[in-house]
Amino acid sequence: MHVEMDVALDPTLGCGQAHRWKKQEDGSWQGVIGNDVVTLTQTSNGFDCEGASDMCQILRYFRSEDNLGEIVEEISRRDNYVAGLSSHCPGMRILRQPEWECLATYVLATNVNVKRIAKMVESVCDHFGTDLGPRRAFPTPKQILDREECIGECRLGFRERRFIELAQRTENGEIDIEGMKDLPYDGLVKELMTINGVGPKVADCVALFGYGHMEAFPVDVRIQNVMKAKYGVEGNYKTVSAYGRNLFGEYAGYAQEFLYHSEFI
């Protein structure tokens with residue numbers, strides 16, 4: 001099935017916001033969305049999609065409602081440097097990942113590079129997720145807890161206990177994945193940070209990539225360096241993130257993605 005959309009798959013799926021996409025030898029991308037193993041192939045006006053049982057899920061995942069042109073125009077109007085970056089990287093979109101999967105993934109994504117994150121996530125899926133044939137689905141909290149004794153085989157290191165704790169608290173309703181959808185940005189970040197393993201950066205990543213708060217501006221070492229070099233801004237997390245949100249406004253998350261990849265664009 002063909003999806004017409006303003007999107008470039010390479011920067012969107014390869015930029016590290018989601019960790020289950022694999023580029024194939026023919027240039028297509030294979031990933032898992034929900035319980036579907038999908039293969040996406042870039043076309044001149046969107047992409048061809050194989051394996052999807054629900055196209056609405058694909059459209060939601062790629063935030064089809066976003067007017068990418070208007071978003072890029074808005075953040076470019078606010079800053080010339082980002083305007084230059086965006087002009088050299090057309091079609092990069094922010095994804096809307098399943099909230100539980102996004103939260104669990106970013107709890108693993110601490111003090112480690114993108115390649116290692118992907119390896120840990122795939123190991124968790126292989127050990128606990130539903131078998132979909134060529135790949136496995138991201139596991140539910142219950143699936144993780146039902147085979148909790150296998151967690152050591154996933155080689156998660158110090159993240160192991162907090163990952164199991166996250167599954168336990170989510171399964172018993174202490175962490176309300178659905179209920180957090182109704183929270184405003186500030187309330188969501190505050191709630192997420194009550195979870196073991198979730199600091200301000202992870203909270204902002206989950207707010208942006210899972211719950212769709214485009215105003216979030218995650219700050220890691222790379223963003224700290226860019227903000228200092230290009231804007232003369234330094235300080236603690238709150239200072240740098242607030243500066244980014246104030247500068248770029250309601251689409252600060254999009255600006256952050258361009259800044260994060262500025263050395264490659």
- Kindly state, to the nearest 0.05, the FRET efficiency for Leu132 paired with Glu250, given R0 = 35 Å and r defined as their beta-carbon distance. 0.45
- Message: As an exercise, take the mean of 1/r over every pair of distinct alpha carbons in the range 64-162, invert it, and state the Kirkwood radius in angstroms.
- Response: 16.1 Å
- Message: Using only the Cα atoms of the range 106-229, what are the Rg and Dmax in Å?
- Response: 15.3, 48
- Message: Can you give me the solvent accessible area of Leu59 with a 1.4 Å probe, rounded to the nearest 10 Å²?
- Response: 60 Å²
- the range 118-152 scanned against label point 7 Å out from Gln168 along Cα→C-beta; backbone N under 13 Å for 145-146, 148-149
- Query: Mind checking the dipole of the range 145-249: about its Cα centre, +1 per Lys or Arg Cβ, -1 per Asp or Glu Cβ, Debye to the nearest 20?
  - Reply: 700 debye
- Message: Based on C-alpha coordinates, I'd like the Rg and Dmax of the range 1-50, in Å.
- Response: 10.2, 28
- Accessible carbon and sulfur surface of the range 67-177 relative to its total accessible area, %, 1.4 Å: 47 percent
- Identify, among Asn172, Thr105, Tyr243, the residue whose Cα sits farthest towards the positive end of the charge dipole of the chain, taking +1 on the Cβ of Lys and Arg and -1 on the Cβ of Asp and Glu, with the dipole about the Cα centre. Tyr243
- Message: Can you compute the radius of gyration and Dmax for the chain, using only the Cα atoms, both in Å?
- Response: 18.1, 53
- Query: Got a number for the accessible area of His213? Probe 1.4 Å, square angstrom, nearest 10.
  - Reply: 30 Å²
- Query: Of the residues Gly212, Gly235, Gly14, which exhibits the maximal mean-square fluctuation in a Gaussian network model of the chain defined by a 10 Å Cα contact cut-off?
  - Reply: Gly235
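What is the calculated FRET efficiency for Asn80 to Ser44, with r their C-beta to C-beta distance and R₀ = 35 Å, to the nearest 0.05?
The formula returns an efficiency of 0.75 here.
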- If you stretched the chain out fully between Thr110 and Asn225, how much longer would it get, using 0.36 nm times the residue separation minus the C-alpha to C-alpha distance? 39.6 nm
- Item | Solvent-accessible heavy-atom area per residue, rounded to whole Å², over the chain at 1.4 Å | 46 Å²
- Projected onto the charge dipole of the range 72-181 (unit charges on the beta-carbon of Lys, Arg, Asp and Glu, signs +1, +1, -1, -1), the Cα from Ser76, Ile94, Ile151 with the largest positive-side position is that of Ser76
- Item | Net charge over other residues, Cβ less than 12 angstrom from the Cβ of Pro139 (K, R count +1; D, E count -1) | -4
- Message: How long are the semi-axes of the equivalent ellipsoid of the range 1-100, taking √(5λ) for every eigenvalue λ of the Cα gyration tensor, in whole Å from largest down?
- Response: 24, 14, 13
- Take the range 34-87, compute every pairwise Cα distance, and split them into 5 Å bins from 0; I just need the percent in each bin. 4, 16, 19, 17, 14, 13, 10, 6, 1
- Query: Summing -39500 (n - 2.57) over the DSSP H runs of n ≥ 4 in the chain and dividing by its residue number, what mean residue ellipticity at 222 nm do you reach, to the nearest 500 deg cm²/dmol?
  - Reply: -14000 deg cm²/dmol
- Item | Size of charge dipole - the chain - debye, nearest 20, with Cβ of Lys, Arg +1 and Asp, Glu -1, no other charges | 920 debye
- In the chain, which helices (entire DSSP H runs) extend 20 Å or more along their own long axis, judged by Cα positions, while averaging at least 0.0 on the Kyte-Doolittle scale? 114-128
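If the viscosity is 1.002 mPa s and the temperature 20 °C, what translational diffusion coefficient in µm²/s does Stokes-Einstein give for the range 159-252 when Rh comes from Kirkwood over Cα pairs?
151 µm²/s
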- Item | Probe 1.4 Å, all protein chains present, accessible-area order of Lys115, Lys228, largest first | Lys115, Lys228
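The values are calculated or read from the model by the stated rules, or taken from the named source; none is laboratory data. Quick caveat, the model's predicted, so the values are computed rather than measured. Here Cβ is always computed from backbone atoms with ideal geometry, including for glycine, and neighbour counts include all displayed protein chains. To get the accessible areas, we keep the full protein, side chains included, count just its heavy atoms, and leave off ligands, DNA and RNA. Shrake-Rupley method; radii C 1.70, N 1.55, O 1.52, S 1.80 Å.
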